[in-house]
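The values are calculated or read from the model by the stated rules, or taken from the named source; none is laboratory data. What you see is a predicted model; the values in this text were computed from it and never measured. Here the Cβ is made from the backbone with ideal geometry for all residues, glycine too, and neighbour counts use every protein chain on show.
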There are 2 protein chains.
Amino acid sequence: MEDLSIAVVGATGAVGQEFINIIETRYPKANNLRLLASERSAGKTISVNGKELKVETTTESSFDGIDIAFISVSSEISQKFAPIAVSAGAVVIDDGSAFRMESTVPLVVPEVNGSDVDWHQGIISIPNCSTTPLVMVAHPLRQLSPLIRIVADTYQSVSGAGASAMTELTKQTKSLLASEAFESESLPSQIGFNVFPHIDSFLDTGYTREEQKMIDESRKILHSDNLPVSATCVRVPVYISHCVAAHIEFEHPVSVSDAREALSSMPGVTVMDNPQTLSYPTPAHAAGKDDVLVGRIRQDASNSNGLVLWIVSDNLRKGAALNSIQIAEELVNRDRLN
Amino acid sequence: MEDLSIAVVGATGAVGQEFINIIETRYPKANNLRLLASERSAGKTISVNGKELKVETTTESSFDGIDIAFISVSSEISQKFAPIAVSAGAVVIDDGSAFRMESTVPLVVPEVNGSDVDWHQGIISIPNCSTTPLVMVAHPLRQLSPLIRIVADTYQSVSGAGASAMTELTKQTKSLLASEAFESESLPSQIGFNVFPHIDSFLDTGYTREEQKMIDESRKILHSDNLPVSATCVRVPVYISHCVAAHIEFEHPVSVSDAREALSSMPGVTVMDNPQTLSYPTPAHAAGKDDVLVGRIRQDASNSNGLVLWIVSDNLRKGAALNSIQIAEELVNRDRLN
């Protein structure tokens, strides 16, 4: 990994910055990074492993000599630059929704379906930041019994909507504490001391695109095209980490102890589940951590073949930047770079 | 109602104060109130319909001449004073969990099971503040098709844990904004810019008592002893109003338009549901309102006989004080005062 040339498109965004943080921790000698962003951010310098790197404007020639291009920007920008990067010989790992459901694009969570990188044709997508923790938990459990249905309600932090939404939460909170007027900016509803069930745009079905992503992407990653999934996706006034209250139904009953054991053995998952010591995960526990945390594991009182779980994950790390780096590692290990 | 003598036990608490607010709006001439609280709060004065009333310490003789005693305090204090109030000839309307599941105590949401006040023996309980909005929505829908299962995940504000938890949210938020250290006080986990799945204590099943209340109380109010219900109850950094993401399954398919019509006709429910105009309820919409708000009504993508809904309600009003006053009105209308 440390010998590769990596382009980071969206280097000054919330996910881009976390990508650089993780590179520094995992690869302290890596400095062959090209930091790319919009014209607005070009010229800034960012320190990577002790070397000051200048942020450049993304252009058609930005990808010459690049092995892996990590892209975390809007779908429009992804759609413009991903094909250019592929033509230049790079493998693109894309954080957006632009390519996820295309049949030629693997959608990968390495611990769940790492071998799907084998059939990439230049672009690999990473899932939405609330889908990833859900499949990280569903995958080991389905080894115990086939999945019948997943119902998931989310509690999603503002960093999922980017750095500007984090600033908006701070501003609104201060205004509300001071009883001052405020206006919503990048977020569609009041976020200070409020929650709202509206992430991404609405579909004709009444679901939001964010909810539909959880449905479609879970099926694609789990190779289970007809798995019944439903979700309500809700924004909460938290900076980092998404939570999911998941109700998972199986073909046969699955005991809590078997579930706990399967989850404890899953790489990238930490079980934090002891009601007697009041141990359960929250966003404050997960922020800055690599692992998906899971707790509140119990038999579903409304279904003898069901389990209820509470899943928490740093949306910028496993939900985005870390998962991308793990895909890059998978490409190296499987010798699937171009 | 304006001729009755009403005792308010817990008059200085979050619910007690909302009780007085609603009395002033609905009964601007009522001033025959006895305001009761712990010794710590005794001596304070509270203005009710223009008359300054002194808060007294609750004692064994506090209920002489009282027609209705509204109690919103801890279960221990309820258990001590409710029987005393009944002996003194009052009907007790209790906001706590002390008596709710007793077979001799009606558990009442007037729009759903108002006639249950008929069989009271002195004490009537009001449901937990997250159960009430759920049954207010489930009741009109079950007129369309029998209920098969309810899965509910909540987003509950801190006022459900009392006035001290509201202060704690403010204090912690200010500390976090200033990057200062803080400690949790009345709440069991960090609430500033955080959420946690822990309301009331844990049961051996892994469910919390709050979640079990939603299960048991929904069944009792709906007269449906074996209805499968499951819930995850989560505290969020919001001052007032609880939200519920509800997945309701029916014996037969129920269309979204039929559901919307049934909910629109339900007294005490307001449908706020237009994705095209980005209309859906949030805690900021519900706080201070009497009605339960419902939106995001859609077919459940994981179950052809299911609907998914988003329910928001002021937990201090319909979740507590307003529901109590409506029970008192029901007692008067049905001539069931002692």
Handout entry: Of all residues in segment B:161-175 being within 12 Å of chain A (Cβ to nearest Cβ) and of a type in the set (A, V, I, L, M, F, W, C), the one that is farthest from B:Val15 (Cα to Cα)
Key = B:Leu169
Practice task
Write out, first by first residue and then by second, each pair whose Cβ atoms fall under 7 Å of each other, whose residues are 6+ apart or on separate chains, and whose first residue, in segment A:177-189, is surrounded by 13 or more Cβ atoms within 10 Å (Cβ to Cβ) while the second is assigned to a loop (DSSP other than H, G, I, E, B) and among the hydrophobic types (A, V, I, L, M, F, W, C).
Solution key: A:Pro188/B:Leu278
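Yes/no per residue for (1) in the same structural domain as A:Glu111 (by TED's automatic domain parsing); (2) small (Gly, Ala, Ser); (3) farther than 20 Å from A:Val112 by Cα:
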position	(1), (2), (3)
A:Asp258	no, no, no
A:Leu263	no, no, no
A:Asn274	no, no, yes
A:Thr277	no, no, yes
A:Asp290	no, no, no
A:Leu293	no, no, no
A:Ile297	no, no, yes
A:Ala301	no, yes, yes
Handout entry: Out of A:Met166, A:Met214, sole residue that is over 22 Å from A:Met136 (Cβ atoms), surrounded by 15 or more Cβ atoms within 10 Å (Cβ to Cβ) and within 20 Å of the chain's Cα centre (by Cα)
Key = A:Met166
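Collect the residues in segment B:219-232 that are within 12 Å of chain A (Cβ to nearest Cβ), surrounded by fewer than 23 Cβ atoms within 10 Å (Cβ to Cβ) and not polar (S, T, N, Q), keeping them in residue-number order.
Our first condition is that a residue be within 12 Å of chain A (Cβ to nearest Cβ); within segment B:219-232, this holds for B:219, B:226-232.
Narrowing the set further to residues that are surrounded by fewer than 23 Cβ atoms within 10 Å (Cβ to Cβ) leaves B:219, B:226-228.
Across segment B:219-232, the qualifying residues are B:Arg219, B:Leu227, B:Pro228.
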Problem - Residue pairs meeting the criteria (Cβ under 9 Å; at least 6 apart or on separate chains; first at positive phi, in segment B:70-97; second surrounded by fewer than 24 Cβ atoms within 10 Å (Cβ to Cβ) and modelled with pLDDT under 95) - result: B:Gly89/B:Asn338
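Take A:Asp204 and tell me if it is part of a loop (DSSP other than H, G, I, E, B), touching a Lys or Arg at 6+ places or on another chain (Cβ under 7 Å), within 13 Å of chain B (Cβ to nearest Cβ) and charged (D, E, K, R). Give the derivation first.
Working: part of a loop (DSSP other than H, G, I, E, B): yes; touching a Lys or Arg at 6+ places or on another chain (Cβ under 7 Å): no; within 13 Å of chain B (Cβ to nearest Cβ): yes; charged (D, E, K, R): yes.
Considered against the rule, which asks whether it is part of a loop (DSSP other than H, G, I, E, B), touching a Lys or Arg at 6+ places or on another chain (Cβ under 7 Å), within 13 Å of chain B (Cβ to nearest Cβ) and charged (D, E, K, R), A:Asp204 comes out as no.
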Problem - Conditions (1) within 12 Å of chain B (Cβ to nearest Cβ); (2) among the charged types (D, E, K, R); (3) closer than 23 Å to B:Ile311 by Cβ; number of the one not met by A:Asp216 - result: (3)
Practice task
Output yes when any residue across segment B:201-210 is in contact (Cβ under 8 Å) with a residue 60 or more places away in the chain and in the same structural domain as B:Thr282 (by TED's automatic domain parsing), and no when none is.
Solution key: yes
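Residues of segment A:148-176 being without any contact (Cβ under 8 Å) to a residue 40 or more places away in the chain and closer than 30 Å to B:Asp300 by Cα, which ones?
Taking segment A:148-176 as the starting set, the residues that turn out to be without any contact (Cβ under 8 Å) to a residue 40 or more places away in the chain are A:164-165, A:167-168, A:170-172, A:174-176.
Within segment A:148-176, just A:Ala165 meets the criteria.
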Exercise for the section: Residue by residue through segment A:20-69, note down the ones that are among the small types (Gly, Ala, Ser) and at positive phi. Expected result: A:Gly43, A:Gly50, A:Gly65
Problem - Those residues of segment A:250-267 which are within 11 Å of another protein chain (Cβ to nearest Cβ) and of a type outside the set (A, V, I, L, M, F, W, C), in sequence order - result: A:Arg260
Fill in the blank from the handout: Of all helices (runs of 4 or more DSSP H) fully inside segment A:75-169, the set with 3 or more residues that are acidic (Asp, Glu) and either at pLDDT below 95 or closer than 18 Å to A:Gln326 by Cβ (or both) is none
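Can you tell me which residues in segment A:12-33 are touching a Ser or Thr at 6+ places or on another chain (Cβ under 7 Å) and assigned to a strand (DSSP E or B)? If you could, list the steps in order and put the result at the bottom.
First, pick out the residues of segment A:12-33 that are touching a Ser or Thr at 6+ places or on another chain (Cβ under 7 Å): A:12-16, A:19, A:32.
Across segment A:12-33, there are no qualifying residues.
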Practice task
Search segment B:233-249 for residues being facing chain A (nearest Cβ under 8 Å) and out of contact with any Leu (no Cβ under 9 Å at 6 or more places or on another chain), and hand back the single one that is surrounded by the most Cβ atoms within 10 Å (Cβ to Cβ).
Solution key: B:Cys243
Fill in the blank from the handout: Within segment A:313-338, restricting to residues that are within 14 Å of chain B (Cβ to nearest Cβ) and in contact with a Lys or Arg (Cβ under 9 Å, 6 or more places away or on another chain), the one that is surrounded by the fewest Cβ atoms within 10 Å (Cβ to Cβ) is A:Asp314
Practice task
Look at B:Ser62 and say whether it is among the polar types (S, T, N, Q), more than 25 Å from B:Asn333 (Cβ to Cβ) and in contact with a strand residue (DSSP E or B) (Cβ under 7 Å, 6 or more places away or on another chain).
Solution key: yes
Problem - Every residue from segment A:289-305 that is out of contact with any Leu (no Cβ under 8 Å at 6 or more places or on another chain), under 18 Å from A:Ala245 (Cβ atoms) and either within 11 Å of chain B (Cβ to nearest Cβ) or aromatic (Phe, Trp, Tyr) (or both) - result: A:Ala301, A:Ser302, A:Asn303
Exercise for the section: Inspect segment A:182-196 for any residue being within 7 Å of another protein chain (Cβ to nearest Cβ), touching a Pro at 6+ places or on another chain (Cβ under 9 Å) and assigned to a helix (DSSP H, G or I) and give the result as yes or no. Expected result: no
Fill in the blank from the handout: Per the filter on segment B:116-138, residues surrounded by fewer than 24 Cβ atoms within 10 Å (Cβ to Cβ) and touching a Lys or Arg at 6+ places or on another chain (Cβ under 8 Å) are B:Val117, B:Asp118, B:His120
Practice task
Output the residue which, of all residues in segment B:268-288 that are facing another protein chain (nearest Cβ under 9 Å) and among the aliphatic types (A, V, I, L, M), is surrounded by the fewest Cβ atoms within 10 Å (Cβ to Cβ).
Solution key: B:Leu278
Fill in the blank from the handout: B:Arg142 fails exactly one of (1) more than 14 Å from chain A (Cβ to nearest Cβ); (2) in contact with a Phe, Trp or Tyr (Cβ under 6 Å, 6 or more places away or on another chain), namely (2)
